[in-house]
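Everything on this sheet refers to the single structure shown next.
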Amino acid sequence: MRIDSKLPKVGTTIFTVMSQLAAKHNAVNLGQGFPDFECPQALRDALAHHVQAGRNQYAPMTGVAALREEIARKTEAVYGRRTDADSEVTVTSGATEALFAAIAAVVRPGDEVIVLDPCYDSYDPAITLSGGRAVHIPLIAPHFGVDWQRVRDTLSARTRLIMINSPHNPTGAMLSRADLDTLAELLRGSETLVLSDEVYEHIVFDGRRHESVLAHAELSARSFAVSSFGKTYHITGWKLGYCVAPPALSAEFRKVHQYLTFCSFQPAQWALADFMRTSPQHYRDLPDFYQARRDYFATAMAASRFQLLPVQGAYFQVVDYSQISERNDVDFSRWLTESVGVAAIPVSAFYETAPDQRLIRFCFAKQESTLDAAAERLCAI
C-alpha cells in the first residue's frame, strides 16, 4: 500500500531518539527535558486521594472547574489579568496538545505562521497539518534576541499567527517588556494572532521577571497563552497543561480540543487544584530552586572545554563544543552518547535550516548526583 504522507519530512522526534540511545548505552541522560527527581509528596498524596475517592471517569471537556478556578486566580495574582475560569481557561493533555489545538483552531490553508528559530519541534508539523506555511525567522545569536525588523518585513495580510516562546527552549533566552511592546505595535490594526508558549514561565533567573502576554493588555486580547503543569510541578509524565485565551479564541480552541483529546486525566486535575490552593509557594520558589541547579552544573562544568552560553530562564544549558570537535551537532551528540556516556540534544533539531554552529543542549533539571556524573565524563574529554 502506498501512503502519501502528510508529514514527509518528519521522522521520530529527536528527544525519543536520544533517550533511546542513552538507554542503549547506559549514558547519563541530559537530553530529554524531564526531572529525575520526584514531585512534591503532597501532590502525590492528593492524586492517590482522588483516585481512591472515585474521580476516575471523564472530566468535563474544558477541565475540572476547581482547577480552572485556581488557574484563573493564579493568572490574576501573577499577571494582573482578571480571567474568567468558564470562558477563558481550558485544561489540556499537556502543552503540546494546547499548541496543536490553538494552531488547528485558527490556521487555514494558505495562511502563514511566523516561527522564531530555534523552536520546539512540534510547531512546524502542527502548522503543516493545518494547511498553513511556517515562515521561519532566526533569532540573533549569541543571545538569541528577536530581529524585529525582519519580523516587520515578513508580516503580511497572509500572516495568521506569530508564535513566541519565553523563557525559550532550547536557549534559555527571555523576551523583555520592550519586546512585547514592539510586537504589539507591529500587530496593531491587523488580524494576526499570537500563540505564546510560556511553559517555563516560573523558571527564571537572576531576579528577572517573566513577561507574559497575559500581563500585556493589548497582546492578551489577541493571544493564546499556553502553560505546563509538568514543568512547574515536576510531573511531565502526567501530561497536563492549559491554555488561557479571550472567550472568542477559547471557543474556537475548544472546538478542536473536544475532538482531539476531549478531556484530560481527572484525578490529576483535582490533585493539582488542591495543591495550587494549599501550596502557592511552590511556583514562587521555582526560580531559586532551578537557579541553584543551573549554577551547580555550571560550576561542575568549569574545568571542561565546553563554552556555556548565558541562561536567563528554563532548565536547559546550551553549550558550544567547537573547541572539542568539528563534527556537526547530530554526529557529535551521537558520539557523546555512545563514547562518553552523556546524552544531549543537537540544537540544529530546533531549526528549519540550522546555521553553521557547534551547539548542543543539556538539561539540568536533575539531581546533583546526576549532574556530577555527567560533568565528570564531560570534563574528561
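The values are calculated or read from the model by the stated rules, or taken from the named source; none is laboratory data. Remember, it's a predicted structure, so these values are computed and weren't measured experimentally. Here Cβ is always computed from backbone atoms with ideal geometry, including for glycine, and neighbour counts include all displayed protein chains.
Structure values in brief
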item	result
Check on Thr83, under 22 Å from His257 (Cβ atoms) and part of a loop (DSSP other than H, G, I, E, B)	yes
Qualifying residue in the range 11-28 (condition: outside any helix (DSSP H, G or I) and modelled with pLDDT of 95 or more)	yes
Hey, Phe289 farther than 22 Å from Thr96 by Cβ, out of contact with any strand residue (DSSP E or B) (no Cβ under 6 Å at 6 or more places or on another chain), of a type in the set (Phe, Trp, Tyr) and at pLDDT 95 or above or not	yes
Test: Gly33 is loosely packed, with under 14 Cβ neighbours inside 10 Å and in a loop (DSSP other than H, G, I, E, B)	no
Flag for Ala59 being part of a loop (DSSP other than H, G, I, E, B) and at pLDDT 95 or above	yes
Pairs with Cβ under 7 Å, 6+ apart, first in the range 362-374 and farther than 8 Å from Leu30 by Cβ, second among the charged types (D, E, K, R) and in a helix (DSSP H, G or I)	Ala365/Arg293
Residue in the range 257-314 that is farthest from the chain's Cα centre (by Cα), counting only those that are surrounded by fewer than 16 Cβ atoms within 10 Å (Cβ to Cβ) and among the acidic types (Asp, Glu)	Asp295
Any hit, the range 256-272, residues being in contact with a helix residue (DSSP H, G or I) (Cβ under 9 Å, 6 or more places away or on another chain), more than 23 Å from Glu211 (Cα to Cα), polar (S, T, N, Q) and not in a loop (DSSP other than H, G, I, E, B)	yes
